[in-house]
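To keep things clear, I will list the structure first and then write my remarks on it.
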Amino acid sequence: MLGAAASLLNIKVLVLDSGDSAPAKQVIAPTPPLSHVDGKFTDEESVRQLASQVDVLTVEIEHVNAQVLEDIMKDSSRPIQVHPHPSTIKIIQNKLTQKRHLTKYGVPVVDCQEVIASSADPSTSMQGAIKTLGLPLMLKSQTLAYDGRGNYVVETEDDVGKAQTALGDRPLYAERWAPFVKEIAVMIVRSASGTVVSYPAVETVHKENICHIVFAPLRGTDQELDGKARRVAEKAIQTFEGAGVFGVEMFLMPDGEILVNEIAPRPHNSGHYTIEACYSSQYENHLRAILDLPLGSTELRVPAAVMLNLIGASSDMSEITRVCQKALTVPGAAIHLYGKSESRKGRKMGHITIVGNSEAEVRSRLRPLLEALPDNDP
Ligand code: ADP
Ligand code: MG
């Protein structure tokens, strides 16, 4: 999607990912002698191979080798820009470091504390966390977490062993359970000079820890909520360095307080709706920001939009195409399939955005798609 936005601006893009048919490589043709890189974004050699061919480097995932990015940026023999700043990626890629950073700058987050399996010290032991944070609590991996893979709900003391086995030997931390009323997300664009602008706040609905549906703008009667959520998100992103778009996931608590759940230093699933629903998409604005071009408008250009993630239920790809076939008959529906070679349970295979003249209209247009989902769960 970043590549598609870049091609409309004649911006040449090279991609580092594994395999020749990685999704982004399917839509971007490199101009010889430049070439895409076949490798892992954690592999130093591969990152350097990409860097040697470009002027600006950016990421679409935070689980990259941030140290190499920092070294490349400091290398004075050939100045290249890296956005967002590697220090930002380093802070964000560890969720506990990220939470401590936000707390330091006065951004409200859920209470949490580090958990070391072997520790007997109450400030780092599981027992200490249960005592301080109460039950249930969310045990989370500090690193390499996405789509709920890295979270375990500890309801009773009996779950502790199961949780630690499930999360493996990754560094862990515990979070107080957040009995949120709804989940909200805001996409922020941070310009090269550090100015932040926000997209409208949206409601994200998760299923089994994975983002399932996004409603834009926020539903409900609270006229103040959009502004409140945007201000919290803008404040959070002001604390980081470097340009680009950031996704800010938040919890709306029963007393109206907004807590930041986590931040993504890149285009984000909760901002996919901006392609069809806003004047400039999150992808176009990411490019404008990292290339130090004037930012595009973040305003909605339609009254309402809804995005449905197409998440694999099994290896059966026809379950996904059945929903897409239904979408072809729905006015205002735009299908995005990612070109992934196989479907797997829990894998994001694509998404569908529906725009319309009102929330009621997009909800009624969404209904037949929900009915076509494999588990038919409205
Ligand atoms: P991921 O990196 O996988 O997106 P998150 O930390 O955002 O992980 O958690 C995924 C989802 O799990 C959240 O969107 C929310 O629905 C739920 N969740 C996360 N943390 C908590 C918490 N402390 N209390 C209650 N629910 C939570
Ligand atoms: Mg999340």
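Read the figures in this text as sums done on the coordinates, not as results from a lab. The structure presented is a predicted model; accordingly, all values stated were derived computationally and were not measured. In this analysis, Cβ positions are derived from the backbone assuming ideal geometry, glycine residues included, and neighbour counts consider all displayed protein chains.
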Please give the calculated 222 nm ellipticity per residue for the chain, where each DSSP H segment of at least 4 residues contributes -39500 (n - 2.57) and the sum is spread over every residue; nearest 500 deg cm²/dmol?
-8500 deg cm²/dmol
Restraint check, LYS40/LYS182; LYS131/LYS345; LYS95/LYS182; LYS12/LYS74; LYS95/LYS131, Cα-Cα greater than 28 Å
LYS40/LYS182; LYS131/LYS345
For q = 0.10 Å⁻¹, Debye-computed log10 I/I(0) when each Cα of the stretch 1-88 counts as one equal scatterer:
-0.23
Selection from TYR173, GLY161, GLY220 lying farthest towards where the dipole of the chain points positive, charges on Cβ
GLY220
Given H placed 1.01 Å from N in the peptide plane, which residues other than close sequence neighbours of VAL15 have an amide H under 5 Å from its amide H?
HIS36, VAL37
What residues have an amide H closer than 5 Å to that of ALA243, excluding those fewer than 5 places away on the same chain, when H is modeled at 1.01 Å from N in the peptide plane?
HIS85
Calculate the translational D of the chain in whole µm² s⁻¹ from Stokes-Einstein, where the hydrodynamic radius comes from the Kirkwood formula applied to all Cα pairs, the temperature is 20 °C and the viscosity 1.002 mPa s.
98 µm²/s
Can you give the local net charge around LEU102? Use residues other than it whose beta-carbon is closer than 14 angstrom to its beta-carbon, Lys and Arg +1, Asp and Glu -1.
0
Two-decimal ratio, the stretch 205-254, of alpha-carbon radius of gyration to 2.2 N^0.38 Å:
1.33
Restricting to lysines and to Cα separations under 16 Å from LYS99, and discarding same-chain partners fewer than 8 apart, the set is LYS90, LYS140, LYS235
Can you put VAL248, VAL37 in order of Cβ neighbours within 10 angstrom, beginning with the fewest?
VAL37, VAL248
Run the dipole for the stretch 175-276 about the Cα centre, Lys and Arg Cβ at +1, Asp and Glu Cβ at -1, nothing else charged, and hand back the magnitude in debye, nearest 20.
180 debye
With a cap of 16 neighbouring Cβ atoms within 10 Å, and only residues DSSP puts in a loop, list the trypsin sites (Lys or Arg not before Pro) found in the stretch 12-66.
LYS12, LYS40
How large is ³J(HN,Hα) for each residue in the stretch 342-351, as worked out from phi by the Karplus curve 6.51 cos²θ - 1.76 cosθ + 1.60 (θ = phi - 60°), to whole Hz, x for Gly and Pro?
9, 8, 9, 4, x, 8, 6, 9, x, 8
Based on the Cβ-Cβ distance of LEU135 and ILE80, what FRET efficiency does E = 1/(1 + (r/R0)^6) give at R0 = 30 Å, to the nearest 0.05?
0.05
Sequence of THR195, THR353 once ranked by neighbouring C-beta atoms within 10 Å, starting from the fewest
THR195, THR353
Give the Cα extents of the stretch 161-211 along the principal axes, in whole Å, largest first.
46, 28, 18
Which is farthest toward the positive dipole end of the stretch 46-155 among THR143, ILE61, ALA129, measuring Cα position about the Cα centre, with Cβ charges +1 (Lys, Arg) and -1 (Asp, Glu)?
ALA129
Cα-based Rg of the stretch 309-378 per 2.2 N^0.38 Å, rounded to two decimals?
1.07
Write down the Å³ per residue value for the convex hull defined by the alpha carbon atoms of the stretch 195-336.
133 Å³
Taking a ≥ b ≥ c as the square roots of the Cα gyration tensor eigenvalues, with a/c under 1.5 meaning rounded and otherwise prolate when a/b beats b/c or oblate if not, the stretch 33-142 comes out prolate
Under the Karplus relation 6.51 cos²θ - 1.76 cosθ + 1.60, θ = phi - 60°, what is the ordered set of whole-Hz ³J(HN,Hα) values for the stretch 169-177, x standing for Gly and Pro?
9, 6, x, 10, 8, 10, 10, 4, 5
Sorted largest first, the C-alpha extents of the stretch 135-248 along its principal axes in whole angstrom are 46, 36, 21
Note, the stretch 111-121: 3J(HN,Hα) by Karplus (6.51, -1.76, 1.60, θ = phi - 60°), whole Hz, Gly/Pro = x, goes 4, 8, 8, 5, 10, 10, 3, 8, 6, 10, 6
Fewest-first ranking of LYS162, LYS228, using other Cβ atoms within 10 Å as the exposure measure
LYS162, LYS228
Enumerate by residue number the chymotrypsin sites (Phe, Trp or Tyr not before Pro) in the stretch 94-167 meeting two conditions: DSSP loop (anything except H, G, I, E, B), and at most 13 other Cβ atoms within 10 Å of the site's Cβ.
TYR105
